[in-house]
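Colleague: Before we start, here is the structure in question, set down as structure tokens.
The values are calculated or read from the model by the stated rules, or taken from the named source; none is laboratory data. Keep in mind it's a predicted model, so treat the numbers as computed, not measured. When we count neighbours, we look across all protein chains shown, and the Cβ atoms used for this are built from the backbone with ideal geometry, even at glycine.
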């Protein structure tokens, strides 16, 4: 297939089906060719920046894929939380260097995964802390705050000294109270300090 045909294919898939990430098998079905020829073509398309390799065997258009769309291909049980989620909710001033994901699976060899979207860090937490959001892959502001403080305390860091929180009044106290029952008391104390400002 020509470059223009590939671009048209990716655009149609995004507009009609909302699909932005494709496996090698899906791309092989589009371009009826041998696996070897497809690998050469994919390499050429990546070098010319028509597509981007987001993960092993997963491709998509550059600049279109979000961390939430990529995450299921890295770990289907994980969700984005902590500082990255707080930043996405516009509740901290700092831009995170890593995308923190809580999961109930162990990532022994690849706990940190470098991708074109940034470095994903997978933190395996116990069933008491792990709570996949009901919708999507991004934790709510309240859950992201609790998870960020939990992870900071677990890393022996003071969460208030790491970031500047914006609009602490936006955290809903009823949701925070319900969430904090799952966390250690040190998290509840730190949340009180943050939300009291």
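Colleague: Here is a list: 14, 8, 53, 44. Which entry is out of contact with any helix residue (DSSP H, G or I) (no Cβ under 8 Å at 6 or more places or on another chain) and within 20 Å of residue 115 (Cβ to Cβ)?
Modeller: 14
Colleague: Filter the range 27-39 for residues that are surrounded by 11 or more Cβ atoms within 10 Å (Cβ to Cβ) and in a loop (DSSP other than H, G, I, E, B); which is modelled with the lowest pLDDT?
Modeller: The selected residue is 33.
Colleague: Right, next: Collect the residues in the range 130-158 that are in contact with a strand residue (DSSP E or B) (Cβ under 7 Å, 6 or more places away or on another chain), over 20 Å from residue 172 (Cβ atoms) and in a helix (DSSP H, G or I), keeping them in residue-number order.
Modeller: Matches in the range 130-158: 151 only.
Residue-wise test of (1) assigned by TED's automatic domain parsing to the domain that holds residue 146; (2) in contact with a strand residue (DSSP E or B) (Cβ under 6 Å, 6 or more places away or on another chain).
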site	(1), (2)
7	no, no
21	no, yes
32	no, no
41	no, no
46	no, yes
78	yes, yes
118	yes, yes
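Colleague: State the number of residues belonging to the range 159-170 that are out of contact with any strand residue (DSSP E or B) (no Cβ under 8 Å at 6 or more places or on another chain), surrounded by fewer than 20 Cβ atoms within 10 Å (Cβ to Cβ) and either under 12 Å from residue 92 (Cβ atoms) or not assigned by TED's automatic domain parsing to the domain that holds residue 99 (or both).
Modeller: Total satisfying the criteria: 5.
Colleague: Same structure again: For residue 42, indicate whether it is modelled with pLDDT under 90 and either surrounded by 14 or more Cβ atoms within 10 Å (Cβ to Cβ) or part of a loop (DSSP other than H, G, I, E, B) (or both).
Modeller: Answer is no for this residue.
Colleague: Further question: Going residue by residue through the range 100-116, is there one that turns out to be buried (at least 18 other Cβ atoms within 10 Å of the Cβ), at pLDDT below 90 and either in a helix (DSSP H, G or I) or within 23 Å of the chain's Cα centre (by Cα) (or both)?
Modeller: Yes: one or more hits.
Colleague: Please verify whether the range 47-55 includes one or more residues that are loosely packed, with under 12 Cβ neighbours inside 10 Å and in contact (Cβ under 8 Å) with a residue 40 or more places away in the chain.
Modeller: Yes: the range 47-55 contains one or more residues that are loosely packed, with under 12 Cβ neighbours inside 10 Å and in contact (Cβ under 8 Å) with a residue 40 or more places away in the chain.
Colleague: Now, a different point. Specify the residue that is nearest to the chain's Cα centre (by Cα); the eligible residues are those in the range 12-23 that are more than 23 Å from residue 37 (Cβ to Cβ) and in a helix (DSSP H, G or I).
Modeller: Restricting to residues being more than 23 Å from residue 37 (Cβ to Cβ) and in a helix (DSSP H, G or I), the top hit is 14.
Colleague: Can you name the number of the only condition in (1) under 28 Å from residue 60 (Cα atoms); (2) modelled with pLDDT of 90 or more; (3) surrounded by fewer than 19 Cβ atoms within 10 Å (Cβ to Cβ) that residue 189 fails?
Modeller: Among (1) under 28 Å from residue 60 (Cα atoms); (2) modelled with pLDDT of 90 or more; (3) surrounded by fewer than 19 Cβ atoms within 10 Å (Cβ to Cβ), residue 189 violates only (1).
Colleague: Kindly establish whether residue 86 is over 23 Å from residue 140 (Cβ atoms), touching a residue at least 12 places away in the same chain (Cβ under 8 Å) and in contact with a strand residue (DSSP E or B) (Cβ under 7 Å, 6 or more places away or on another chain).
Modeller: The answer is no for residue 86.
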